[in-house]
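Step one of this worksheet: look at the structure below.
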Amino acid sequence: QMSNVQSKLGFSLIELLVAFSLISILSTIGYISFASYSKRQVAIQTAANVKQAVDLARFKAISFVKTSLCGGADELSSYKLNFCFNASCQDPSASYEMSAICGSREEVLESKVFPKDVTATNVPGVNNCSTIIFNLVSGNSQGLPCEMYVSGYGNQIKVSIDSIGHAS
């Protein structure tokens, strides 16, 4: 009778090994899923930043937002977005830049760099998205409509910019 009591007091070594093995397998699967989700979010956030930059340039143009960089004889005429995958940017490390065109000169307001391993490319067969200009005086835009892909970590997000400059 004493041996029956002793065998029911705890877990056997096999039971403990099975339990810890299951826990480690589930933890590994959870970690891999989280890492994949995090990388996808980097690509999604970069696409959202591109859309926000287009919307901001468009808003500044239609709202006649003046920049302090333009002064004297150089009147602000338009806002320009340069995506550096096809256009040359003033900052060689930039992925895209927003500039104010003041008379005959162009002043960079901000430049952004994509996260590591995230790139942007044009959609084949559609207008090139390398340069988008929103004119203050005429209200017209140049370089639209266009589409681009933001790619990274095995994900590809399409950014479409319609003829009035709305990004989706």
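What to note about this one:
- ILE32 vs. criteria aliphatic (A, V, I, L, M), in contact (Cβ under 8 Å) with a residue 40 or more places away in the chain and open to solvent by 70 Å² or more (accessible area, probe 1.4 Å): no
- Considering residues of the stretch 120-140 that are open to solvent by 40 Å² or more (accessible area, probe 1.4 Å) and in contact with a helix residue (DSSP H, G or I) (Cβ under 9 Å, 6 or more places away or on another chain) only, the residue modelled with the highest pLDDT: ASN135
- Breaking point among (1) out of contact with any helix residue (DSSP H, G or I) (no Cβ under 8 Å at 6 or more places or on another chain); (2) open to solvent by less than 60 Å² (accessible area, probe 1.4 Å); (3) assigned to a loop (DSSP other than H, G, I, E, B); (4) over 19 Å from GLN45 (Cβ atoms), for ALA94: (4)
- Residue check, SER38 without any contact (Cβ under 8 Å) to a residue 60 or more places away in the chain, in a helix (DSSP H, G or I), more than 16 Å from ILE132 (Cβ to Cβ) and open to solvent by less than 60 Å² (accessible area, probe 1.4 Å): yes
- Scanning the stretch 6-29 finds no residues that are under 20 Å from VAL150 (Cα atoms) and either open to solvent by 40 Å² or more (accessible area, probe 1.4 Å) or modelled with pLDDT under 95 (or both).
- Among all residues of the stretch 78-89, there is none that is open to solvent by 50 Å² or more (accessible area, probe 1.4 Å) and among the basic types (Lys, Arg).
- Matching residues, the stretch 102-114, being outside any strand (DSSP E or B) and open to solvent by 60 Å² or more (accessible area, probe 1.4 Å): SER104, VAL113
- Residues that are of a type in the set (Ser, Thr, Tyr) and within 21 Å of SER104 (Cα to Cα), drawn from the stretch 43-92: THR67, SER68, SER77, SER78, TYR79, SER88
- Of the residues making up the stretch 61-77, just one is open to solvent by 50 Å² or more (accessible area, probe 1.4 Å) and not in a loop (DSSP other than H, G, I, E, B), namely ILE62.
- Residues located in the stretch 121-168, provided they are part of a loop (DSSP other than H, G, I, E, B), over 15 Å from ILE62 (Cβ atoms) and without any contact (Cβ under 8 Å) to a residue 40 or more places away in the chain: VAL123, PRO124, GLY125, VAL126, ASN127, GLY143, PRO145
- Selected residue (only one of THR67, THR46 is in contact with a Phe, Trp or Tyr (Cβ under 6 Å, 6 or more places away or on another chain) and among the β-branched types (Val, Ile, Thr)): THR46
The values are calculated or read from the model by the stated rules, or taken from the named source; none is laboratory data. Just so it is clear, the structure is predicted and the values come from calculations on it, not from any experiment. Every residue, glycine as well, gets a Cβ built from its backbone with ideal geometry; the counts of neighbours run over all protein chains shown. Ligands, DNA and RNA are excluded from the accessible area calculation, which covers all protein heavy atoms including side chains. Shrake-Rupley method; radii C 1.70, N 1.55, O 1.52, S 1.80 Å.
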